[in-house]
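To start, the structure itself, in structure tokens.
The values are calculated or read from the model by the stated rules, or taken from the named source; none is laboratory data. The shown structure was predicted, so the numbers you read here are calculated from the model rather than taken from an experiment. Every residue, glycine among them, receives a Cβ derived from its backbone with ideal geometry; neighbour counts consider all protein chains shown. Quick note on the areas: whole protein, heavy atoms, side chains included, nothing else; ligands and nucleic acids left out. Shrake-Rupley method; radii C 1.70, N 1.55, O 1.52, S 1.80 Å.
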Amino acid sequence: MNTVYFDNAATTPVNSEVIDVMTDCLKTIYGNPSSSHSYGRDAKAILEESRRKIANILGAKPSEIFFTSCGTESNNSILRNALQNDDIKRIISTPIEHPSIYSTLNSISNEIKIEYVKLDKYGVVNLEDLENLLSSDSSKALVSIMHANNEVGGLNDIKSIGDLCDKYQALFHSDMVQTMGHLPINLKEIKIDFLAASAHKFHGPKGVGFMFVRQPHKLNAFITGGSQERGMRSGTENMASIVGMAHALEIACSKIEEDIVHLNKLRHAMAEKLKMVFPNIGFMTNLDNSLCTILSVIFPKEFSNDMLLFQLDMKGVACSGGSACSSGANKVSHVLSHLNAPSDRKVVRFSFSKYNNLDEINFCVDKIKELASETSS
Ligand code: PLP
């Protein structure tokens, strides 16, 4: 083994069966689903079948699923719509959302009141504080809280958040980009109005995602044009990617409970092995309440140099320093700084997929040991 890929929260390898169905679609289904001739009707039928598949998996109606280009677009469409909805007077969110939420909220903060809920040290929402915020002001709120954080994995209780939103007649949006296809999600059981998802996080292609918009809500189109997606998202549909996304979600959810057990074994093994070798190692992830794919590690002081990720890469370990989006710049992410990650130590996110195994965990820990001995010699 020469390399391991432990950056699955940034993106996942595309499942080979997904590549096959996409290739087949590209070769055979080239009609425009908006055309009325038989080529168009064939494409439309396949498009709607993909929508039905996704809706069935999630316990939604097909008419509540809208295809987009990615998670970022889905989040933007939902948040920016709040500005055009006269009923919504404020947005309640967390300070550690993905930039597609966090930067969007910053950019609209002059136009609508934004409030942030308190979190525990692992980035999980304090439900009591959320209730205080909801009850302290009777004006209508949109609550936007991610299901699991992409950097540290903190997992929110979206069922309870949905119940609170319902109690105070607030709308609830959740960025489920990291959890879709990794945790079971039944929208019949969660009082949620909107969600965002992205195929490349569950072994589907990049550049395609979807939104769930619970009926009877409607969004004003964020992208206007030919009124595709029932007027909520214009642009000719990315057929092969949509077909691939639906197939990827089916595969991801087919053995989800087994995969969760496997992923938790990998994470626990990695944490235990690291603790044995480096007693003063720390974790930004609470293994008891976090997404099974993420382990965020606070490295001991001897690793505190700006080259750590590069050195790991040179040893064959692909991982990341925060989110992929913020790791290009060598600065602490807004998530780590909000959660008070120690400023004199490096935090590295290892993120796994069901295709990883224990041998790869051992390889990774061995490489970290090697690095430590090289640094100390
Ligand atoms: N939300 C979260 C939590 C993410 O982790 C990401 C991607 O890293 C996104 C949104 C953006 O998704 P996309 O890459 O499809 O735009």
Practice item. Over the chain, average the accessible area per residue using a 1.4 Å probe and give it in Å², no decimals. Key: 43
Study note, to complete from the structure: For the range 1-106 the translational diffusion coefficient, Stokes-Einstein from a Kirkwood Rh over Cα pairs at 4 °C and viscosity 1.567 mPa s, in µm²/s, is roughly 74
Point to revise | Global geometry of the chain, whether rounded, prolate or oblate, following the gyration tensor of its Cα atoms and the 1.5 cut on a/c | key: oblate
Check your understanding: For residue 56 and residue 38 in the same chain, what is the full-extension length gain: residue separation times 0.36 nm, less their Cα-Cα distance, in nm?
Key -> 3.8 nm
Study note, to complete from the structure: Sorted by chain and then number, the residues having a modelled amide H within less than 5 Å of the amide H of residue 197, at least 5 places away or on another chain, are 210
Study note, to complete from the structure: So the FRET efficiency between residue 2 and residue 160, C-beta based with R0 = 51 Å and rounded to 0.05, is 0.70
Study note, to complete from the structure: In whole Hz, the Karplus estimates of ³J(HN,Hα) for the range 95-100 (6.51, -1.76, 1.60; θ = phi - 60°; x where Gly or Pro) are x, 10, 5, 4, x, 5
Study note, to complete from the structure: Karplus-derived 3J(HN,Hα) from phi for the range 5-21 (6.51 cos²θ - 1.76 cosθ + 1.60, θ = phi - 60°), whole Hz, x at Gly and Pro, runs 9, 10, 10, 6, 6, 6, 6, 10, x, 6, 4, 5, 5, 5, 4, 4, 5
Practice item. With only alpha-carbon atoms counted, please give the Rg and Dmax of the range 235-377, in Å. Key: 17.1, 59
**Study point:** Overall form of the range 165-240 per C-alpha gyration tensor (a/c, 1.5; a/b vs b/c)
**Key:** oblate
Check your understanding: So, with a 1.4 angstrom probe, what is the percent of accessible area on the chain that is carbon and sulfur?
Key -> 50
Review point. Which value in nm describes the separation of the simple spin-label points at residue 83 and residue 288, placed 7 Å from the Cα toward the beta carbon?
Key: 4.3
Check your understanding: Once both axes come from the Cα atoms, what is the angle between helix 358-376 and the longest principal axis of the chain, in degrees from 0 to 90, rounded to 10?
Key -> 50
Practice item. Just reorder 167, 201 by solvent-accessible area, largest first, 1.4 Å probe, all chains present. Key: 167, 201
